[in-house]
Every structure is written in structure tokens, then in C-alpha cells.
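Enquirer: First, the structure itself, so that you have it in front of you.
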Amino acid sequence: MPGKKFTLWQVLGWMFRSVFGTKYKTIEDAEIYDYVARRFFGREELAEVIAARLRYHVQCDPDKTLIAERAAGTGIVTEKLVEAGFHVRAFDISAAQLETLRQRLPTVATFTDDLNSPMLGMLPDVFDGLVQVGANRFMTEEGQLTFMQEAQRTLREGGIFIWPIFPFEIGCWWKPSCWRVRVLMKTLHQVGFRHVHREFFYHYLSPFSMCWILIAKK
């Protein structure tokens, strides 16, 4: 469900605030992010791939399947998961992002959540799938490990974790040794995932869409 359109100056202002300032604290910034992600990042196409992979890998009826999306943002991926028949719980640290998501997807339950911390109030073995897209740059080194451990803890046996890794994200620049795909795959095995593989995604209309998609099974 595309949102508003914005001018170049509005987008540039959002980029400046995103890097140096308030990030996603206002509804307008959340809406500009949504516009940029759909138009330039190929996020809708990636969301469709993620939904298709979950339908393939999750061993139960999609209509009875519960998926968690951490750092759900404005709900671009959530939207495709709902369209695919999944029940989704959306988590994000930004109140503005979650409010934008709720306006578009009022039936989706939303929760305030920090990627660097445990998922408060979430019992073990709750979800059939867990997804996170585009927020790796907000993780600390310790938070990255906590994030993977929480994915393993909250997934049911046989649950699927889908995690795209974008080489252009800020974290990849200043801590390259911590973000190499091979290192992350090894760590996923170490925290308890039985099967881990990767797929390459690139949408020809968006140079910013390139990523490795890590798919791990508990």
C-alpha cells in the first residue's frame, strides 16, 4: 500500500536527519522512509521473496502460522506477510514507525522493541517464523549476538529465521569482520540453529536492494 509522494528536498532532509539526527521520531519521517524504501530500495520485491520462502519452509498451514517481524518499520514486509496468509506480530523501537504501520494494517499487533535487547514478555517457542530486514546498522556487537539468541529462543522447533544482510549498511563499513556473512552463518549454528543457508537477492531496478538472505531453521 504505497503512501504519499515526497519532493527531493524532503527526501534529502530525511536522509540528513536519519544519519545525524532524530532518525524516525516523526510520522513524516516514517512516511518518507516508506516512500524511499518502496521506490529506491526494492523493499516490496524483497518482502514478496521473504513471504514466499516462509510459505515454502514453514511446515504448517500459513493461516495458522505466527510470524514475528522485528524492526518492522512502516510495515512493508508485514504487509506482504499478511497478504500471504500469515498472522504477524510487528516489533519496532520507533513509535512513529509503528503508528504508520497500524494506520495501514490495523489488525496487526504491534510492540515496542529494541533489537539489542531480549524480546520482553515473549515466551520461548512462540513463533513459527521470525524476520528482520534493514536494521542491522542499529545493532551493537553484543546486540547482534543477543538478536540471534532471541530468534533461536522464541522460535518453535522447526521454525524459520529469515535475515537479509545488506553490504551497504553502516555497520558493514565500520565493523566488517563482525558482519561478514560467513561469520554470521557460523554464529547462527553456534546459538542453536540446525540448518543455515544463504541466497542472493538483487532487484534490477534498485542498486540498493542487493543482499544475502540468511535462512536458518531451528
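What follows draws every value from the coordinates through simple rules; no lab data is involved. Everything quoted here is computed from the prediction, not taken from an experiment. Virtual Cβ from ideal backbone geometry, glycine too; neighbours counted across all protein chains shown.
Enquirer: What's the magnitude of the charge dipole for the stretch 42-217 around its Cα centre, counting Lys and Arg as +1 and Asp and Glu as -1 at the beta-carbon? Answer in Debye, nearest 20. Walk me through the numbers before you get to the answer.
Expert: Numbers: 19 positive and 20 negative charges, 100 e Å.
For the stretch 42-217, the charge dipole is close to 480 debye.
Enquirer: Gain in length, residue 195 to residue 60, computed as 0.36 nm per residue apart minus the alpha-carbon separation, to one decimal in nm?
Expert: Details: separation 135, 0.36 × 135 = 48.60 nm, distance 1.81 nm.
Length gained between residue 195 and residue 60: 46.8 nm.
Enquirer: Would the stretch 58-101 count as rounded, prolate or oblate if I go by the C-alpha gyration tensor, calling it rounded below 1.5 in a/c and otherwise prolate when a/b exceeds b/c, oblate otherwise?
Expert: The shape class here is prolate.
Enquirer: Cα gyration tensor of the stretch 42-217, axes a ≥ b ≥ c as square roots of the eigenvalues: rounded (a/c below 1.5), prolate (a/b > b/c) or oblate?
Expert: rounded
Enquirer: Got a sec? Charge dipole of the stretch 42-217, +1 on Cβ for Lys and Arg, -1 for Asp and Glu; which of 211, 90, 50 is way out at the positive end?
Expert: 211
Enquirer: Please compute the net charge surrounding residue 191, taking Lys and Arg as +1 and Asp and Glu as -1 over other residues with Cβ under 14 Å from its Cβ. Please list the in-between numbers first.
Expert: On the way: positive: 153, 186, 194, 217, 218; negative: 142, 150.
My count for the surroundings of residue 191 gives +3.
Enquirer: Please list 3J(HN,Hα) in residue order for the stretch 135-150, calculated via the Karplus relation 6.51 cos²θ - 1.76 cosθ + 1.60 where θ = phi - 60°; whole Hz, with x for glycine and proline.
Expert: 10, 4, 5, 8, 8, 7, 4, 5, x, 4, 5, 4, 4, 5, 5, 5
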